[in-house]
1. Just reorder 8, 58, 29 by solvent-accessible area, largest first, 1.4 Å probe, all chains present.
2. Under a Cβ-only charge scheme (Lys and Arg +1, Asp and Glu -1), can you give me the dipole magnitude of the chain about the Cα centre, in debye to the nearest 20?
3. Using R₀ = 30 Å, calculate the FRET efficiency as 1/(1 + (r/R₀)^6) where r is the Cβ-Cβ separation of residue 55 and residue 9; round to 0.05.
4. What value, in deg cm²/dmol to 500, does the helix sum -39500 (n - 2.57) over DSSP H runs of n ≥ 4 give at 222 nm once divided by the residues of the chain?
5. In terms of solvent-accessible area of protein heavy atoms at a 1.4 angstrom probe, what is the ranking of 42, 2, highest value first?
6. Rg (Å, one decimal) plus Dmax (Å, integer) for the alpha carbons of the chain?
7. Over the chain, what percent of the accessible surface lies on carbon and sulfur atoms, probe 1.4 Å?
8. Using the heavy atoms of the protein chains and a 1.4 angstrom probe, tell me the accessible area per residue for the chain in square angstrom.
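The values are calculated or read from the model by the stated rules, or taken from the named source; none is laboratory data. What you see is a predicted model; the values in this text were computed from it and never measured. For neighbour counting, all protein chains shown are included, and Cβ atoms are generated from backbone atoms with ideal geometry for every residue, glycine included. Ligands, DNA and RNA are stripped out before the accessible areas are found, and what is left, the full protein with its side chains, is counted by its heavy atoms. Shrake-Rupley method; radii C 1.70, N 1.55, O 1.52, S 1.80 Å.
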Amino acid sequence: MTKIGRMLFEDGMKEGRSEERKKTAERLLEKGIDMDVIMDATDLTEAEIREIEESILLSR
């Protein structure tokens, strides 16, 4: 694989993991799990989790 191809592949993997972490945080928020637990489980910041929480509230 070329260096550029490898870089694109790695960027895609990072983006996919990021989206999966956000989906996990969303599921945990919907179950009422504590913010600290979600931060530990997903490695997201409190601000990122609050943003997800706001989007859930707006979608209802």
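1. Per-residue accessible area, sorted high to low, gives 58, 8, 29.
2. In debye, rounded to 20, the chain gives about 360.
3. 0.55
4. The per-residue figure over the chain is -28000 deg cm²/dmol.
5. Descending order: 2, 42.
6. 14.4, 46
7. 53
8. So the chain comes to 82 Å² accessible per residue, rounded to a whole number.
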